[in-house]
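Below is one structure, written out as structure tokens; the observations come after it.
The values are calculated or read from the model by the stated rules, or taken from the named source; none is laboratory data. Keep in mind that what you see is a predicted model, and the values were worked out from it rather than measured. Glycine gets a Cβ as well: all are built from the backbone with ideal geometry, and neighbour counts include every protein chain shown. To get the accessible areas, we keep the full protein, side chains included, count just its heavy atoms, and leave off ligands, DNA and RNA. Shrake-Rupley method; radii C 1.70, N 1.55, O 1.52, S 1.80 Å.
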Amino acid sequence: MTAAAFSASVLGLELRDLPWRRTRDPWAVLVSELMLQQTQVARVAERWPAWLAAYPDPTACAQAPTADIIRSWSGLGYNRRALNLHRAAQLMVEVHGGRVPNTLDELLALPGIGPYTARAVLAFAYEVPVGVLDTNAGRVLARGVAGRPLGWREAQTLADGLVPAGQAWRWNQAVLDLGARWCRARGPECEACPARSACAWAGAGRPPPDPAQGTAAASAGQSTFAGSDRQGRGRLLRHLGTHGPAPAGQLAAVAGWPEDGARALRVAAGLVGEGLARWTPEGHLALPQ
Ligand code: SF4
């Protein structure tokens, strides 16, 4: 099997119809990618249109109070993304004339934008021929093209080199879809996979070990949410956004750990340290001004 044959079968894939696949607007693409990083597709599909209606471009986001941005992110989790997006929007206004930059270096210089997100914006908004490498894509390339585990740098080089001319958007969306729908981490559905006839690993009879294991971009899933600090952080921020400032003595109950005031204060201090919250002069925890 060749990489070219694999590419051809991937390009023939019928893509899922997702709302952010109907736009090439760089700001809309960036927002969708940041939301999708750690939030389920269905939840993002529900929240993305309203969020964009409220903040349709970097300038609208940059001009909004930080508290409004954090409030608008409630329910999406990992609120730090909202703070980074707000800061990135302010930099886009200050440095890039209110536009989402279109080079890798400029995108990587913005807060909260890593190699995956930067390449996603380049490929999905600007049709720049770069490989968008995340867990799904890394797994697909390791199994389908290399037939062996890939280090991160090797996977990125391979991904960049595989993008067919003029098809950056379609190719990368198709690779991500293949990984999400058939080439799953546990139990790839090779029999039904549209790329099976050109897949290196399937063609070799799927010898162990699975190439996805040990592939750098194919990282482990998220840690358990229930009972985690993340859950408490989310509860605190949601409460501040809905009810306003909360006295320090109430934080344990709000966070869901009524017996563990020390933990609630530690988590609150973390939010303050990250700029997601502040202490008022009265000693209440509040959203930033
Ligand atoms: S044939 Fe199997 S291993 Fe190969 S790309 Fe499809 S799902 Fe993945």
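Of the residues that make up region 42-50, is at least one over 27 Å from ASP177 (Cβ atoms) and among the small types (Gly, Ala, Ser)? Within region 42-50 (the criterion being over 27 Å from ASP177 (Cβ atoms) and among the small types (Gly, Ala, Ser)), the answer is no, since none of the residues qualifies. For region 225-241, the set of residues classified as touching a residue at least 40 places away in the same chain (Cβ under 8 Å) and either in contact with a His (Cβ under 6 Å, 6 or more places away or on another chain) or within 19 Å of GLY283 (Cα to Cα) (or both) consists of ARG233, LEU236, LEU237, ARG238, LEU240, GLY241, listed by residue number.
What do you reckon, is THR66 hydroxyl-bearing (Ser, Thr, Tyr), away from the ligand (no atom under 16 Å from the Cβ) and within 19 Å of ARG99 (Cα to Cα)? When the stated conditions are applied, THR66 does not pass them.
Within region 32-85, being under 14 Å from the mean Cα position of the chain (by Cα) and among the charged types (D, E, K, R) holds for GLU33, ARG43, ARG80, ARG81. Entry remark, region 58-97: residues being open to solvent by 20 Å² or more (accessible area, probe 1.4 Å) and outside any helix (DSSP H, G or I) number 6 in total. For region 125-145, what are the residues that are part of a helix (DSSP H, G or I) and under 9 Å from ASN172 (Cβ atoms)? Residue satisfying the conditions is ALA137 alone. Just so you know, in region 152-169 the residues that are free of Cβ contacts under 8 Å to residues at least 40 places away in the same chain and in a loop (DSSP other than H, G, I, E, B) include one that is least open to solvent (accessible area, probe 1.4 Å), and it is GLY166. Being more than 12 Å from the ligand (Cβ to nearest atom), modelled with pLDDT under 95 and either surrounded by 17 or more Cβ atoms within 10 Å (Cβ to Cβ) or part of a helix (DSSP H, G or I) (or both) is a description that does not apply to LEU122.
Is region 187-206 home to any residue that is open to solvent by 60 Å² or more (accessible area, probe 1.4 Å), touching a Pro at 6+ places or on another chain (Cβ under 9 Å) and modelled with pLDDT under 90? Checked against the condition, which is being open to solvent by 60 Å² or more (accessible area, probe 1.4 Å), touching a Pro at 6+ places or on another chain (Cβ under 9 Å) and modelled with pLDDT under 90, region 187-206 yields no hits at all. The condition of being open to solvent by 20 Å² or more (accessible area, probe 1.4 Å), part of a helix (DSSP H, G or I), modelled with pLDDT of 95 or more and under 22 Å from ASN136 (Cα atoms) holds for only one of ALA45, ALA8, ALA50, that being ALA45. Only one of the listed residues (VAL145, VAL130, VAL140, VAL175) is among the β-branched types (Val, Ile, Thr), crowded, with 17+ Cβ neighbours inside 10 Å and away from the ligand (no atom under 16 Å from the Cβ). That residue is VAL130.
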